[in-house]
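The values are calculated or read from the model by the stated rules, or taken from the named source; none is laboratory data. In this text the structure is predicted, and so the values were computed from the model without any measurement. Glycine also receives a Cβ, built like all others from the backbone with ideal geometry; neighbour counts cover every protein chain displayed. Please note that ligands, DNA and RNA were not included when accessible areas were found on the heavy atoms of the full protein model with its side chains. Shrake-Rupley method; radii C 1.70, N 1.55, O 1.52, S 1.80 Å.
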Amino acid sequence: MNSSKGLPYGLCLGLSLFAGAVLAEIKVVEPWARLQPPSSPMSAAFMVLENTGGEADALIAASCDCAQSVELHVMAEADGKMTMQQVQRFDLPAGGRFELRSGGPHLMLIGLNAPLDSTQPVHLKLRFEHAPEQTIDVPVRDPRAAPGS
């Protein structure tokens with residue numbers, strides 16, 4: 001039997017189920033942003049991205065209302081010095097995880113509108129190549145503080 005759009009109902013249902021099955025599903029684990037001195041115009045955010053779906057995906061952009069821009073950065077050695085380099089994506093293999101960490105890949109919050117506050121989370125939007133965009137609340141913490149303080 002045809003639907004009102006001209007496609008058989010069973011085909012429409014099958015296509016929608018197939019589309020839902022292949023989408024990557026990204027889980028964000030333990031996000032946090034670095035508390036910086038009030039004079040610093042930048043900060044960084046870290047987290048673990050777990051791709052629980054059956055298809056590879058990639059984090060391709062991020063933004064927040066607390067900074068003028070958010071860039072994806074990696075650390076690289078150049079002429080014996082560690083430097084940060086902007087990249088276009090962080091690849092997330094199917095069934096795998098990708099760690100954004102201090103001293104490694106991270107999100108750079110550039111041009112902070114105001115100093116970050118440890119009592120207010122950063123509202124960060126993550127955009128993926130396939131998975132739906134996610135908005136997450138990222139706690140701000142001082143990495144020099146003792147755990148649990």
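The listed residues ARG34, ARG97, ARG144, ARG89 rank as ARG144, ARG97, ARG89, ARG34 when sorted by accessible area, largest first, using a 1.4 Å probe.
In square nanometres and to one decimal, what's the mean projected area of the convex hull around the Cα atoms of the range 47-149?
Values: hull surface 31.7 nm².
Over every viewing direction, the Cα hull of the range 47-149 projects on average to 7.9 nm².
ALA61's amide H: which non-local residues (gap 5+, or another chain) put their own amide H closer than 5 Å, with H modeled 1.01 Å from N in plane and none for Pro or chain starts? Amide H to amide H, under 5 Å and 5 or more residues apart or across chains, ALA61 pairs with ARG127. Derived scalar couplings between HN and Hα for the range 92-100 equal 10, x, 4, x, x, 9, 9, 9, 9 Hz in order, rounded to whole Hz, by the Karplus curve 6.51 cos²θ - 1.76 cosθ + 1.60 (θ = phi - 60°), x for Gly and Pro. Taking 30 Å as R0, compute the FRET efficiency from the Cβ-Cβ separation of THR135 and SER102 and round it to 0.05. With R0 = 30 Å, the Cβ-Cβ based efficiency is 0.85.
Over the range 40-149, give the accessible area per residue in Å² for a 1.4 Å probe, as an integer. Don't jump to the answer; show the numbers that get you there.
Details: 6040 Å² over 110 residues.
In whole numbers, the range 40-149 has 55 Å² accessible per residue.
Backbone amide hydrogens, once placed in the peptide plane, bring GLY96 within less than 5 Å of ASN51, excluding anything fewer than 5 places away on its chain. Backbone geometry of the range 25-38 corresponds, through the Karplus equation with coefficients 6.51, -1.76 and 1.60 at θ = phi - 60°, to 3J(HN,Hα) couplings of 10, 10, 10, 9, 10, 6, x, 7, 10, 7, 6, 10, x, x Hz, x marking Gly and Pro.
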